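Written below as structure tokens is the structure these notes are about.
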Amino acid sequence: MTWNTRWIFAASMALFVCSATGLVWGGISDERSPTFLGTEQPRVGMHNDLPGISFEENYKRFGFDSEVFRAAMKGLEMKEDDATLTNVSSEGRMSKLEEGRLDMVVASFSITPERMKVIDFAGPYATTYQGFLVGPEGAGIKELSDLSGKIVCSWEGSTSEEVLRRFELADIEARTLLDASDCVQQLREGKADAVFTDQMILHGFADLHTADGLRVVPGLTIGGPQHWGIGLPKGHRTDCLRLREIVKDYVTGSQWKDDFKAWLPGIPAQDPAWIGDYRPSPAAIDARSCRDSIP
């Protein structure tokens, strides 16, 4: 081997070693973008018409559910802008998750045994009972019997619609519309006597329309508590369990309380024990998260 040949060989080996080293160090230093459900850009469905809960103004999202979404993205080490936000109706939440058109739903989504068989949930991040929103003409409505002969409105795809179907109250007219805003508009126009759904949603509308005399009837509820969770498609238990712990950290921390008070001030004003009534326990979160049924 001549000197020139040896030099070319040595130079080639040095170049190879440097290239290989660069590949190794590049692999170590390369920071991959965080993923969730196998994507760097999860598609997230949210309501856009629920004051205090989830609404949109000037292309920005606000409300308690929006804070839950932000807490989830932060816990996943992802930016809010990494997600593709899509408006979703109550009726469309299940189908869009089942059909793979959404990766996550944060939309006052009640965890039920029937839904748990089809999709996964991380939560609950809030617990609320179902009650009634009335206007000035409903000042006399204080108990269930006062709703006899009245028009009570709920909307498609909600658990309140299902409860209202089973409503055993003589002479009640149960009316089902497309969404919450339609029901509240009919109440304001005097075309409905009450709106029935989760009290957290009702308080959001009552806070917005105080000038119209809308109020949530205190102490009047039907059925058991509603447990709001983040909906996910089946088949991603590892990511679901990861999100469960993020939800648990958020709910048990001080930020949950601050966000709740900021967006739903009417509840703390009316209920001195609101934290115990609306804040889920870690055990409740474990019992309903990432399962096919409630143990």
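Please treat every number below as a calculation from the coordinates, not as lab data. Computed from a predicted structure; not experimentally measured. Glycine also receives a Cβ, built like all others from the backbone with ideal geometry; neighbour counts cover every protein chain displayed.
For this structure, a couple of remarks:
- Taking the three principal axes of the alpha carbon atoms in the stretch 106-154, the coordinate ranges are 41, 19, 15 Å, sorted in descending order.
- Gyration tensor verdict on the stretch 165-267 (Cα atoms; rounded if a/c is under 1.5, prolate if a/b is larger than b/c, oblate otherwise): prolate
- Near residue 49, once Lys and Arg are set to +1 and Asp and Glu to -1 for all other residues with Cβ below 10 Å from its Cβ, the sum equals -3.
- Partner lysines for residue 117 [C-alpha distance under 29 Å; skip if fewer than 8 residues away on the same chain]: 74, 96, 234, 248
- Pairwise FRET efficiency - residue 79 versus residue 294, Cβ, R0 = 25 Å, nearest 0.05: 0.15
- Extension gain for residue 245-residue 178 works out to 20.7 nm (0.36 nm per residue, less the C-alpha to C-alpha distance).
- The chain: proportion of alpha-carbon pairs further apart than 32 angstrom, %: 34 percent
- 222 nm mean residue ellipticity, helices alone, for the chain (DSSP H n ≥ 4; -39,500 (n - 2.57); rounded to 500): -12000 deg cm²/dmol
- Note on residue 188 and residue 273: the model spin-label points, each 7 Å out from Cα along the C-beta direction, lie 3.4 nm apart.
- Spin-label pair residue 40-residue 112: with each label point 7 Å from Cα along the Cα-Cβ axis, the two points sit 3.9 nm from one another.
- Between the Cα long axis of helix 199-208 and the first principal axis of the chain there is an angle of about 80°, rounded to the nearest 10.
- Within the chain, antiparallel bridges make up roughly 65 percent of the DSSP beta bridges whose residues both belong there.
- Subtracting the Cα-Cα distance of residue 252 and residue 283 from 0.36 nm times their residue separation leaves 10.0 nm of extension gain.
- Alpha carbon convex hull of the stretch 130-224, volume per residue in cubic angstrom: 84 Å³
- Most mobile of 93, 166, 70 in a GNM of the chain (Cα contacts under 10 Å): 166
- On Cα atoms only, tilt of 237-252 relative to the major axis of the chain in degrees: 60 degrees
- Pair residue 171, residue 91: separation of 7 Å Cα→Cβ label points (nm): 3.1 nm
- Between the Cα long axis of helix 64-75 and the first principal axis of the chain there is an angle of about 20°, rounded to the nearest 10.
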